[in-house]
Amino acid sequence: MAVSDDLRERVVKAVVLGGLSRNRAAARFKVSVASAVRWVKRFRTTGEISPAPSGGDRRSGRIEAHHDYLLGLVRRSPDLTLLEIQERLIANCGERFAVSVLWRFFDRHEITFKKNGACRGATTRRRAKSTPEMVRGAARSRSDETRFH
């Protein structure tokens, strides 16, 4: 449950200006001792009473440091795979990133890797028409076969 800044401010003032202990201020305002300790500590270190922002991305700064290199690499060789980009980062920059980190980087910068006609290795190729013998064999039902038990 979120606590109002007003309550945080009253607890911090009671400790800092009023001279109350954190335990006593917590009991007086009916909050946990741990919360009172955290709020006073935050006020003394940062001067802030409001809670710090929660969530969000805190780790993309490491990959963003290679922004120019990555975009230049893709501009020069647009047919590279993410694994090849990962290998080049290790070889040239000494940095190791998971493929998922690279994927999120390119997604953030709206760079996509689309398959073109030359890369259709996984598609099914059309077969030639089957011979009459193959059709006859496939049309025969299993009940026509002699069964041995």
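The values are calculated or read from the model by the stated rules, or taken from the named source; none is laboratory data. Bear in mind that the values here come from a model prediction, so they are computed numbers and not experimental data. As a convention, Cβ positions derive from the backbone with ideal geometry for all residues, glycine included, and neighbour counts pool all protein chains shown.
Among the numbered criteria (1) under 30 Å from residue 5 (Cα atoms); (2) aliphatic (A, V, I, L, M); (3) at pLDDT below 85, which one does residue 49 miss?
(3)
Quick check on my filter: what residues within region 18-46 are surrounded by 12 or more Cβ atoms within 10 Å (Cβ to Cβ) and farther than 16 Å from residue 5 by Cα?
18, 20, 21, 22, 23, 24, 27, 28, 33
Quick one: in region 76-104, of everything that is among the small types (Gly, Ala, Ser) and assigned to a loop (DSSP other than H, G, I, E, B), which residue is nearest to residue 8 (Cα to Cα)?
Among them, the one singled out is 98.
Quick check on this structure: which one of 91, 98 is surrounded by fewer than 10 Cβ atoms within 10 Å (Cβ to Cβ), closer than 23 Å to residue 61 by Cα and either modelled with pLDDT of 90 or more or not small (Gly, Ala, Ser) (or both)?
91
Quick test of your reading of the structure: residue 52 fulfils all but one of (1) of a type in the set (A, V, I, L, M, F, W, C); (2) in contact with a helix residue (DSSP H, G or I) (Cβ under 6 Å, 6 or more places away or on another chain); (3) loosely packed, with under 12 Cβ neighbours inside 10 Å. Name the failing condition by number.
(2)
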